[in-house]
1. Looking at the range 292-385, which trypsin sites (Lys or Arg not before Pro) are DSSP coil and have at most 16 other C-beta atoms within 10 Å of their C-beta?
2. With just the Cα atoms of the range 2-152, tell me how far they stretch along each of the three principal axes, in Å, largest first.
3. State the Cα centre-to-centre distance between the range 15-61 and the range 264-323 in whole Å.
4. Using a 1.4 Å probe over the heavy atoms of the protein chains, calculate the carbon and sulfur portion of the accessible area of the range 135-214 as a whole percent.
5. With respect to the cross-link table entries Lys311/Lys331; Lys43/Lys100; Lys391/Lys535, which display a Cα-Cα separation exceeding 28 Å?
6. List the extent of the Cα atoms of the range 158-273 along each of their three principal axes, largest first, rounded to whole Å.
7. Hand me the trypsin sites (Lys or Arg not before Pro) from the range 14-91 located in a DSSP loop with no more than 16 other Cβ atoms within 10 Å, in residue order please.
8. Residue separation times 0.36 nm, minus the C-alpha to C-alpha distance between Glu65 and Ser242: what's the value?
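The values are calculated or read from the model by the stated rules, or taken from the named source; none is laboratory data. Because the structure is predicted, anything quoted here is derived from the model rather than measured. Methodologically, a virtual Cβ is constructed for each residue, glycine included, from the backbone with ideal geometry; neighbour enumeration extends over all protein chains shown. What goes into the accessible areas is simple: the full protein's heavy atoms, side chains included, and nothing from ligands, DNA or RNA. Shrake-Rupley method; radii C 1.70, N 1.55, O 1.52, S 1.80 Å.
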Amino acid sequence: LNIIMWFCFVFFLLQVLNEKKLQEVDSLWKEFETPEKANKIVKLKHFEKFQDTTEALAASTALVEGKLSKNLKKILKKIVAKDAHEQLAVADAKLGGVIKDKLNLSCIHSPMVTELMRGIRSQIEGLITGLPSREMAAMCLGLAHSLSRYKLKFSPDKVDTMIIQAISLLDDLDKELNNYIMRCREWYGWHFPELGKIITDNLMYCKCVRKVGDRSNFASSDVSDILPEEIEEDVKAAAEISMGTEVSEEDINNIIHLCDQVIEISEYRTQLYDYLKNRMMAIAPNLTVMVGELVGARLIAHAGSLLNLAKHPASTVQLLGAEKALFRALKTKRDTPKFGLIYHASLVGQTNTKNKGKISRMLAAKTALTIRYDALGEDTSAEMGAENRLKVETRLRLLEERGIRRISGTGKALARTDKYQNKSEVKIFDPSGDSTLPAVSKKRKIQEVEEQDTEIAVKAKKFKAEMKEETTVENDEPVKKKKKKKDKEKQAEEEEVLNEEPPTSPTVELHVLLCFYIMVWFIATFVCFQNTEKKKKKKKKIKDQDED
């Protein structure tokens, strides 16, 4: 069994003398307690030194990445190929696979090999003679520094750290500036309280206080380079009638020092913002075009790096920064948030409240594409970001115009405003409504007179007939009684006939059944119609929730 190892500026090959002792992995460390015991287990067979630091760095980086360097390939071809029947112990399984594929050498990687190499490293000074410990430590330190610099230089996350630090510093500067300006306004407000209401800009306020100092100097000082003419006149007028307290020169000097700090921090903040803007356009131009440099830098800082951000799906990008709200909503079984840091993007900010969720979802999907293009693509142009931003803007315009559209044959016609036409109706007063008398003509027609005469003649004939009947009744009273009995019997028979139920014919029964079936069918169709309407409303509600 041969062992190939790399240490500092040397490749060395060791041969195992007693392979039986390697079977006991747990007690193998006892065989490397002293250099004498270690020499009984392994023996130095060959070693190859590097010419300079560059060659050593190239070989070490190749081994770290699991690749076969040129020097190692030469050594394995010259020495190990002679003993092709023997196995080669390697610490990295990936490197062993590469050696087996390219050189056709049988390699072994197991816990026994790792324990064996740990013991060899502990007794490396006794196994390799001729290298003083002091020089070996210096070589190890120099190679470690070179390897660290190489990793930092070619790290894919190396530029992201600059963006993360810059955006974090920018946020800290904003907080400090806010505190300093509040303190300055409150401090100088005891002396000149009216100035804070007249000058709303913080930087102009501090510059004005630093230049003038005491409020009594406003009348004689010229602040036209800081303030506009109108505001300057208002400030001078307010300084003459100010109700502030008097302060000493020492207090004014301290306030001026604070104003100097505010102005310096503000200038440094603008410089830092320009630096961040240039960095973002160089590293993630498409992301910057989509959401802006500040939101893009905050997304990168929240994810840790641009590569980590590229691994996130669009749904995660949409909710980055709202993790607490998300888990609180899941815990309380309420509605989850629709946006996180992406809420501060300009496209989301210019939409109305109803469409913010839809636009943030679409923006997150397009942003995820641009992030992957910036992180993994080789092109540095921002054309893809501009195209995706245009798509989101057109979608936003469609959502905003949806409320203006009207229902038509195609559903696509825009609502038009018809031309105004004044259609007034002229109404004339009707005087007939003022009269309370019946509207009947005074002269009667000939037909009405004739009809009235005939009615009078008929009434006279009836009256004469009644008079004759009364006279006959008085003469024939017994005959009348018999007639009354007969009349009563006829009336009783007629009542019996009326009380009897009429016979029901089969046609009538069929008609009743048909009416009953029609009524049942109508009720059933009405119930089904109501159920379908409820289902449609429920589906529409679920669809709206899914779109949100």
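1. Values: sites: Arg298, Lys311, Lys324, Arg328, Lys331, Lys333, Arg334, Lys338, Lys354, Lys356, Lys358, Arg361, Lys366, Arg372; in loops: Lys333, Arg334, Lys338.
Sparse-neighbourhood loop trypsin sites (Lys or Arg not before Pro): Lys333, Arg334.
2. The Cα atoms of the range 2-152 stretch 42, 38, 26 Å along the principal axes, largest first.
3. 49
4. On the range 135-214, the fraction of accessible area on carbon and sulfur atoms equals 60 percent.
5. Values: Lys311/Lys331 26 Å; Lys43/Lys100 24 Å; Lys391/Lys535 34 Å.
As for pairs spanning more than 28 Å Cα to Cα, those are Lys391/Lys535.
6. Computed over the range 158-273, the largest-to-smallest principal extents equal 58, 29, 19 Å.
7. Numbers: sites: Lys20, Lys21, Lys30, Lys37, Lys40, Lys43, Lys45, Lys49, Lys67, Lys70, Lys73, Lys74, Lys77, Lys78, Lys82; in loops: Lys67, Lys82.
The qualifying sites are Lys67, Lys82.
8. Working: separation 177, 0.36 × 177 = 63.72 nm, distance 7.39 nm.
Between Glu65 and Ser242, full extension yields 56.3 nm more.
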